[in-house]
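Trainee: Please see the structure below; I have some questions.
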Amino acid sequence: MKDIVSQLKTSPLKNIIVVGDLMLDEYIFGEVRRISPEAPVPIVEEQKKEWSLGGAANVALNCKHIGCNVSLIGLTGKNDTAGIKLRTMLKENNISLKGIIESSSRSTTCKKRIMAKHHQLLRIDKEDRQPLNEKEEESLLKQLIPCITKNAIIIVSDYAKGVITIPVMHKIITHAREQKCIILVDPKGPNFGKYKGADYIKPNINEFNEMLTFFELDPRLNFEKNARTMCQLLSLKGLIVTKGDQGIHFITAQESVSLSAAQREVFDLTGAGDTVIAFLSLGLLNNLPMRTCLELSNRAAAVAISHIKTYAVSLDELIDKNEEPAEKYYPEWNKLKEELSLLRKEKKRIIFTNGCFDLLHAGHIHCLKEAKKLGDVLIVALNTDESTQRLKGKSRPIKPLRERAHVMAAIGVVDFVTHFDEDTPARIIEFLKPDIITKGVDYVGKKVTGDDIIKKYGGKTVRIGWKNEHSTTTLAQKL
């Protein structure tokens, strides 16, 4: 997965057009202490309000967050509070407002959720589901058609709020064919026939069942047989069905690929479909095999639903380093520095420690845990076998570098593992430029290597206490 993520980060193929229904998600968080005397309902004491982008706006945010060049086409109310807030949030997330039509006759779709202790008590929707009028449709197409350029991907995010009309859908398909673009649709009924000519459609299992009814197919028949019939009826390259905790299923006339859902604790399912379609699009745009595209989307959805509210997943979050410890090991400093550069853009604080870590003991674990508390990302740099031998003698290390790196990577608080061949870590510290260096208190009175380097750019050295009886040398002598 690390190699795929690296490939996607550096790929120039990232032009994505998102067209569809824009929404604003509003969350009112509070606490319930009593029941209303007026009716048997809880009283929520409001504590804070938060907002998230929803619908096509959330799809665009997910695409932006994974490094895509996004053109967003949609419509908001011109003067309503939700429309103003939505446009402000798009601008804050560096998503252009050029393709956003402001309508004087429609209200912005807003979903207001009342939350108590991470549980949703109530949702209040304000929306306009009427199809676009002639003037709005003309304005939307005027912004959309110039954006459809060669070899891009077009995501149609249809929430049945009136933007994706039959004429709009037909125009998208016509111009996409001329420019050799891929069309990926997140559909909504009742009229599923309007998507005929798209490349891929991604219904969830409920929408798939609605499609069975629309096309008058027998639900008692085999799932794949019905899916293939839909592909024929809609002239699709493939159908991608998300099945919640049962995973995701891709079907074509000749192929069937099914993946189980990635297991994460579920907090909020809102926006999971938006995340799936964004990652599917990036994978398809880069000509990755469909199984790989599904794996990307599956992992991304698992991360998204582990957060409260809609959540834009980053490419780095697809790598579960605790599940795959080897993904933490970066023998090449240049690649590690690239990862740290991305983390610094997210304002992450980088912690660095080093050592032989030949025989791990409780003192080491204590120091690593304390080091991680000082920031967000912990790097452990190991002495190579040759370096360890020069420092500790010919009988060391007891464990070779590869084994020491694997063990260190399996420790949950450790985010990255690398190695250095010199007697001191001065060169790697100067190259990676961590914010903090940590060392044990047994170094009191001794100069900590890298202290002078890190202070030049505003970093600092922190000494961490540990019990003296913990010693690798003592352990080695007992063996």
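Trainee: Within the range 237-256, track down each residue that is among the hydrophobic types (A, V, I, L, M, F, W, C) and under 27 Å from Thr270 (Cβ atoms).
Mentor: Answer for the range 237-256, where residues must be among the hydrophobic types (A, V, I, L, M, F, W, C) and under 27 Å from Thr270 (Cβ atoms): Leu239, Ile240, Val241, Ile248, Phe250, Ile251.
Trainee: Can you tell me which residue among Leu121, Leu144, Leu184 is in contact (Cβ under 8 Å) with a residue 24 or more places away in the chain and either small (Gly, Ala, Ser) or outside any strand (DSSP E or B) (or both)?
Mentor: Checking each option against the conditions leaves just Leu144.
Trainee: On the basis of being farther than 29 Å from Lys64 by Cβ and either over 27 Å from the mean Cα position of the chain (by Cα) or in contact (Cβ under 8 Å) with a residue 12 or more places away in the chain (or both), does Phe250 make the cut?
Mentor: Considered against the rule, which asks whether it is farther than 29 Å from Lys64 by Cβ and either over 27 Å from the mean Cα position of the chain (by Cα) or in contact (Cβ under 8 Å) with a residue 12 or more places away in the chain (or both), Phe250 comes out as no.
Trainee: Tell me which residues, restricted to the range 18-76, are assigned to a strand (DSSP E or B) and closer than 20 Å to Thr149 by Cα.
Mentor: Listed by number, the residues that qualify are Val18, Val19, Gly20, Asn69, Val70, Ser71, Leu72, Ile73, Gly74.
Trainee: Test of understanding: among Gly197, Gly193, which residue is touching a residue at least 24 places away in the same chain (Cβ under 8 Å) and assigned to a loop (DSSP other than H, G, I, E, B)?
Mentor: Testing whether each residue is touching a residue at least 24 places away in the same chain (Cβ under 8 Å) and assigned to a loop (DSSP other than H, G, I, E, B) leaves just Gly197.
Trainee: Basic (Lys, Arg), assigned to a loop (DSSP other than H, G, I, E, B) and over 17 Å from Ala57 (Cα atoms): is that true of Lys150 in this structure?
Mentor: yes
Trainee: Yes or no: Leu132 modelled with pLDDT of 95 or more and not in a strand (DSSP E or B)?
Mentor: Judged against the criteria, Leu132 is not a match.
Trainee: Same structure again: Would you confirm whether any residue within the range 67-81 is at positive phi and either out of contact with any strand residue (DSSP E or B) (no Cβ under 6 Å at 6 or more places or on another chain) or not assigned by TED's automatic domain parsing to the domain that holds Gly162 (or both)?
Mentor: yes
Trainee: Provide a single number: the residues in the range 196-211 that are more than 21 Å from Asp245 (Cα to Cα) and out of contact with any helix residue (DSSP H, G or I) (no Cβ under 6 Å at 6 or more places or on another chain).
Mentor: Residues flagged as more than 21 Å from Asp245 (Cα to Cα) and out of contact with any helix residue (DSSP H, G or I) (no Cβ under 6 Å at 6 or more places or on another chain) within the range 196-211 amount to 3.
Trainee: Can you tell me which residue is modelled with the highest pLDDT among those in the range 328-358 that are surrounded by fewer than 20 Cβ atoms within 10 Å (Cβ to Cβ), assigned to a helix (DSSP H, G or I) and basic (Lys, Arg)?
Mentor: That would be Lys337.
Trainee: Let me ask another. If a residue has to be at pLDDT below 85 and under 9 Å from Asn62 (Cβ atoms) to count, how many in the range 272-309 make the cut?
Mentor: 1
Trainee: Could you pull out the residue among Ile66, Ile17, Ile43 that is surrounded by 24 or more Cβ atoms within 10 Å (Cβ to Cβ) and either over 19 Å from Tyr311 (Cβ atoms) or in contact with a Pro (Cβ under 8 Å, 6 or more places away or on another chain) (or both)?
Mentor: Criteria check complete, one pass: Ile17.
Trainee: Please find, within the range 174-191, the residue that is nearest to Cys293 (Cα to Cα) out of those that are surrounded by fewer than 22 Cβ atoms within 10 Å (Cβ to Cβ) and either touching a Gly at 6+ places or on another chain (Cβ under 7 Å) or among the polar types (S, T, N, Q) (or both).
Mentor: Gln179
Trainee: Return a yes/no flag: does the range 265-275 have any residue that is touching a residue at least 60 places away in the same chain (Cβ under 8 Å), surrounded by 20 or more Cβ atoms within 10 Å (Cβ to Cβ) and among the small types (Gly, Ala, Ser).
Mentor: yes
Trainee: Mind listing whichever residues of the range 201-240 are over 18 Å from Pro190 (Cβ atoms) and under 21 Å from the mean Cα position of the chain (by Cα)?
Mentor: Ile240
Trainee: While we're here: Given the criteria modelled with pLDDT under 95, crowded, with 16+ Cβ neighbours inside 10 Å and touching a strand residue (DSSP E or B) at 6+ places or on another chain (Cβ under 9 Å), does Thr461 qualify?
Mentor: Against the criterion (modelled with pLDDT under 95, crowded, with 16+ Cβ neighbours inside 10 Å and touching a strand residue (DSSP E or B) at 6+ places or on another chain (Cβ under 9 Å)), Thr461 qualifies.
Trainee: From the list Ile429, Ile379, exactly one residue is hydrophobic (A, V, I, L, M, F, W, C), touching a Pro at 6+ places or on another chain (Cβ under 7 Å) and either outside the structural domain of Gly459 (by TED's automatic domain parsing) or under 15 Å from Pro331 (Cα atoms) (or both). Which is it?
Mentor: The unique qualifying residue is Ile379.
The values are calculated or read from the model by the stated rules, or taken from the named source; none is laboratory data. It should be emphasised that the depicted structure is a prediction, and the values quoted were computed from it without experimental measurement. Virtual Cβ from ideal backbone geometry, glycine too; neighbours counted across all protein chains shown.
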